[in-house]
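Any read-out appearing in this document is the output of simple, stated calculations on the displayed coordinates, not a laboratory observation. Source: prediction; values computed, not measured. FYI the Cβ positions are ideal-geometry reconstructions off the backbone, even for glycines, and counts take in every protein chain you see.
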Amino acid sequence: MIKPDRWIREWGRNGGVTPFEEGQVNAASYDVRVSDHWICPTRDPEEFRAPRIKLFPGEVVLASTLEYVRIPRDVACDLKLKSTLGRLWINHSLAGWCDPGFEGEITLELQNLGPQPFILEAGRRIAQLIFIAMESEPEVAYGEPGSSSHYQGQRGTTPARR
């Protein structure tokens, strides 16, 4: 079952997301914004901070959300790119799942599939979190002893940890 706006507001007001912005609550999702921390494997230096980045056709970049989220033990989250960005040929299909218990800023994997460069600006609403109620709490949630979590508590754009 997908959680509605009333649940999302309560989650946000009770520390589920920092910072919480009432205007980012939708009927069945919460909008997250992109930060100014970028990792781009085709640029030198590879990692940098800037208020905007020009994403060239075919280029990929790692970015993170401005928001720090705390996903409850009885909820999972699906992260979906805002449809307007998809219509501008920006793709985020490589990852997009937050397990119950995840806490941190979310790293985004973005790619320009279009024929033109695209300017991506920090602070832009980039994706939305859709909260899915679990039938019951998992035995071991993300970040707990016995889980295989690598990214619990991450801040900023985080490259792969092996």
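Worth pointing out:
- Strands (runs of 3 or more DSSP E) completely within region 98-162 that count 3 or more residues being in contact (Cβ under 8 Å) with a residue 24 or more places away in the chain and touching a helix residue (DSSP H, G or I) at 6+ places or on another chain (Cβ under 8 Å): 125-133
- The number of residues in region 25-46 being within 14 Å of the chain's Cα centre (by Cα) and within 22 Å of L62 (Cβ to Cβ) comes to 9.
- Residue in region 24-33 that is surrounded by fewer than 19 Cβ atoms within 10 Å (Cβ to Cβ) and either at positive phi or free of Cβ contacts under 8 Å to residues at least 12 places away in the same chain (or both) present: no
- Residue check, S83 within 18 Å of Y30 (Cβ to Cβ) and within 12 Å of the chain's Cα centre (by Cα): no
- A95 falls short on exactly one of the conditions (1) crowded, with 18+ Cβ neighbours inside 10 Å; (2) part of a loop (DSSP other than H, G, I, E, B); (3) among the small types (G, A, S), and that condition is (1).
Matching residues to (1) closer than 22 Å to P4 by Cβ; (2) loosely packed, with under 13 Cβ neighbours inside 10 Å; (3) not acidic (D, E):
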position: L85; (1), (2), (3): no, no, yes
position: W89; (1), (2), (3): no, no, yes
position: E109; (1), (2), (3): no, no, no
position: I119; (1), (2), (3): no, yes, yes
position: I130; (1), (2), (3): yes, no, yes
position: E137; (1), (2), (3): yes, no, no
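- Enumeration of residues in region 54-109 that are out of contact with any Lys or Arg (no Cβ under 9 Å at 6 or more places or on another chain) and aromatic (F, W, Y): F56, W89, W97
- Scanning region 56-72 for residues that are crowded, with 17+ Cβ neighbours inside 10 Å and either of a type in the set (D, E) or not in a strand (DSSP E or B) (or both) yields E59, E67, I71, P72.
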